[in-house]
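The values are calculated or read from the model by the stated rules, or taken from the named source; none is laboratory data. Just so it is clear, the model here is predicted, and its values are computed rather than measured. As a convention, Cβ positions derive from the backbone with ideal geometry for all residues, glycine included, and neighbour counts pool all protein chains shown. Calculation scope for accessible area: heavy atoms of the full protein, side chains included, ligands and nucleic acids excluded. Shrake-Rupley method; radii C 1.70, N 1.55, O 1.52, S 1.80 Å.
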Amino acid sequence: EREPSTEGVVIIETEPEPGATVTIAGDNYGVTPVTIRNLAAGQYYAILNMYGFKRETRSFSVPEEGEVRITVPMDRIVGYLTVETTPPGARVRLNSGTELGTTPIVKAPVPVGEYTYEIRHDNYVTVNGNIGIQADYSYTRAHELQPLRGWLQIFSRPSRAQIYINDLVQQEVT
């Protein structure tokens, strides 16, 4: 017959995503999710580090037997982006997909990193650009959108008819 376990087990997970390095008492225990089996019963502090996230510290107790599950929320390191357009109402996307919102966008939190952005508005030329976001900095991008060029072709019989657009006579004739 088998003896009951006298070893406590600690499982450390992170959200919103896995991958944080776990350090306890100066020793590295791998990346989350991690199962730790070789700690003596008692009180400990875990330090969790992950690129793009704030470092987190958690205290926990290792039981003499049984299992403890710890889920640590990791907060992203962000900068802030304001995007203004003339006219307003343009859609802004980061890295060809992530929808940031519709202008004007004021101090939207954006994770630290390098981005391409795209600004689209119906009947206006699309604007593309690059931006690097650093922790706790605020960035502003303002763009005056250019209308798409259009053309109008008018034929008449007889020719040489005067043309009016929005009640204004035009210099051209048919």
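Within the stretch 17-31, residues that are open to solvent by 70 Å² or more (accessible area, probe 1.4 Å) sit with their Cβ atoms under 6 Å from residues that are assigned to a strand (DSSP E or B) and not hydrophobic (A, V, I, L, M, F, W, C), at 6+ positions apart or across chains, in these pairs: V31/T21. Inside the stretch 111-148, residues that are in a strand (DSSP E or B), in contact with a Leu (Cβ under 8 Å, 6 or more places away or on another chain) and of a type in the set (A, V, I, L, M, F, W, C) make up a count of 4. Taken across the stretch 84-94, residues that are open to solvent by 90 Å² or more (accessible area, probe 1.4 Å) and at pLDDT below 95 do not occur at all. Looking across I131, I163, I119, I154, one residue alone is at pLDDT below 95 and either under 14 Å from L94 (Cβ atoms) or loosely packed, with under 12 Cβ neighbours inside 10 Å (or both). It is I154.
Would you tally the residues in the stretch 1-28 being modelled with pLDDT of 95 or more and in contact with a Ser or Thr (Cβ under 7 Å, 6 or more places away or on another chain)? So the count comes out to 10.
For (1) modelled with pLDDT of 95 or more; (2) within 20 Å of E15 (Cα to Cα); (3) of a type in the set (D, E), each residue gets a yes or a no:
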{"residue": "G30", "(1), (2), (3)": "yes, yes, no"}
{"residue": "P33", "(1), (2), (3)": "yes, yes, no"}
{"residue": "L39", "(1), (2), (3)": "no, no, no"}
{"residue": "A46", "(1), (2), (3)": "yes, yes, no"}
{"residue": "G52", "(1), (2), (3)": "no, yes, no"}
{"residue": "E56", "(1), (2), (3)": "yes, yes, yes"}
{"residue": "S61", "(1), (2), (3)": "no, no, no"}
{"residue": "L100", "(1), (2), (3)": "yes, no, no"}
{"residue": "P104", "(1), (2), (3)": "yes, no, no"}
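Among the residues of the stretch 138-160, is any within 30 Å of N49 (Cα to Cα) and free of Cβ contacts under 8 Å to residues at least 24 places away in the same chain? For the stretch 138-160, residues within 30 Å of N49 (Cα to Cα) and free of Cβ contacts under 8 Å to residues at least 24 places away in the same chain: absent.
When the stretch 54-90 is filtered for residues that are basic (K, R) and either farther than 30 Å from I105 by Cα or not in a loop (DSSP other than H, G, I, E, B) (or both), the ones remaining, listed by number, are R58, R69, R76. On the stretch given as the stretch 91-110, residues that are within 19 Å of A135 (Cβ to Cβ) and in a loop (DSSP other than H, G, I, E, B) total 1. A Cβ distance below 7 Å, combined with a sequence gap of six or more or placement on separate chains, defines the contacts here; from the stretch 112-124, residues that are on the phi < 0 side of the Ramachandran plot reach residues that are basic (K, R) in the pairs Y117/R93; E118/R93; R120/R91.
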